């Protein structure tokens, strides 16, 4: 190998290293943005480095042999670049999917731990109360008929509360596992609203809260499951009545836009803090105001109510959201129109 050959090799290496250095700098900027672009760049840099080294070494003298070589490079580029793009997109999608799956699993694990913490606390309180009352009855500490009757009622209420918490836990597990099956079909929304309002009106009147339905029956039909929609709406109304002060108003309205039907429940609770507003549908979250999706005015549960509501509506291809308005908050249910 002559000195001229070594000189040509050195020049070619220097040119190629320059292209590689530029490619590395660009790659460091793209790495955090696009995996597909990074793979495309990794494919192009070696080709460009070889081309630069050969062209510079030949002193830009495009001989017949160099032209044939250039055509080969072009053919290789036409095959390798699209392949790199497709491979990059495939790897990027897989990476994003795996990252999202890991994050979902971590989020589910956090929710399970929080739920277990809430349950261990909330189950302990009624169980301790039932145990104390049954021991009092058993030891004869309470013997007067009126007192015995009162203790029996309290025990019944606490066991009912425990049963409700266990039912919620079982239903939440079905929702998380994706095994909740509903009988979905056309639903007369006006009938659901009327039944839900009639169910909560006695409690509202007892508290001095007005429950109003905006507008007249419109015959609106939605695609959903009537019993589950009834449950969600009834409990949203009960929740609104419970948090609305005396002489306040809870308003229910029904409407449609585009291909969706919406139901809104507005109360006069004064609103929900921004910190709680973003988390009210999380399993186990009760927030500073402890707003809870509950079936009665009994003590608050394990914070699964609104999460169950969202799960029930998800199973009907629906959704639920919440916003503050002037005097309180607005829960909005959306379902596909029939």
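Restricting to the stretch 189-203, what's the tally of residues that are over 14 Å from residue 224 (Cβ atoms) and in contact (Cβ under 8 Å) with a residue 60 or more places away in the chain?
Adding up the residues that qualify gives 1.
Please pick out the residue among 289, 276, 294 that is under 27 Å from residue 175 (Cα atoms), modelled with pLDDT under 90 and outside any loop (DSSP other than H, G, I, E, B). Spell out how you get there, then give the answer.
Details: 289 fails: outside any loop (DSSP other than H, G, I, E, B); 294 fails: outside any loop (DSSP other than H, G, I, E, B).
Matching residue, one of 289, 276, 294: 276.
Residue check: is residue 111 at pLDDT below 70, within 30 Å of residue 171 (Cα to Cα) and in a helix (DSSP H, G or I)?
yes
Quickly run through the stretch 318-338 and pick out the residues that are closer than 17 Å to residue 280 by Cα and in a strand (DSSP E or B).
First, the residues of the stretch 318-338 that are closer than 17 Å to residue 280 by Cα: 319-325, 328-333.
If the condition is that a residue be closer than 17 Å to residue 280 by Cα and in a strand (DSSP E or B), then 319, 320, 321, 322, 323, 324, 329, 330, 331, 332, 333 are the ones that fit.
Identify, from the list 306, 263, 312, the residue that is surrounded by 18 or more Cβ atoms within 10 Å (Cβ to Cβ), under 23 Å from residue 110 (Cα atoms) and at pLDDT 85 or above.
Step by step, each of 306, 263, 312 is checked, and only 312 is surrounded by 18 or more Cβ atoms within 10 Å (Cβ to Cβ), under 23 Å from residue 110 (Cα atoms) and at pLDDT 85 or above.
Would you check which residues across the stretch 190-225 are surrounded by 20 or more Cβ atoms within 10 Å (Cβ to Cβ), touching a helix residue (DSSP H, G or I) at 6+ places or on another chain (Cβ under 6 Å) and not in a loop (DSSP other than H, G, I, E, B) and list them?
Hits for the stretch 190-225 are 192, 196, 200, 204, 211, 222.
The values are calculated or read from the model by the stated rules, or taken from the named source; none is laboratory data. Here the structure is a predicted model, which is why all the values come from computation and not from measurement. In this analysis, Cβ positions are derived from the backbone assuming ideal geometry, glycine residues included, and neighbour counts consider all displayed protein chains.
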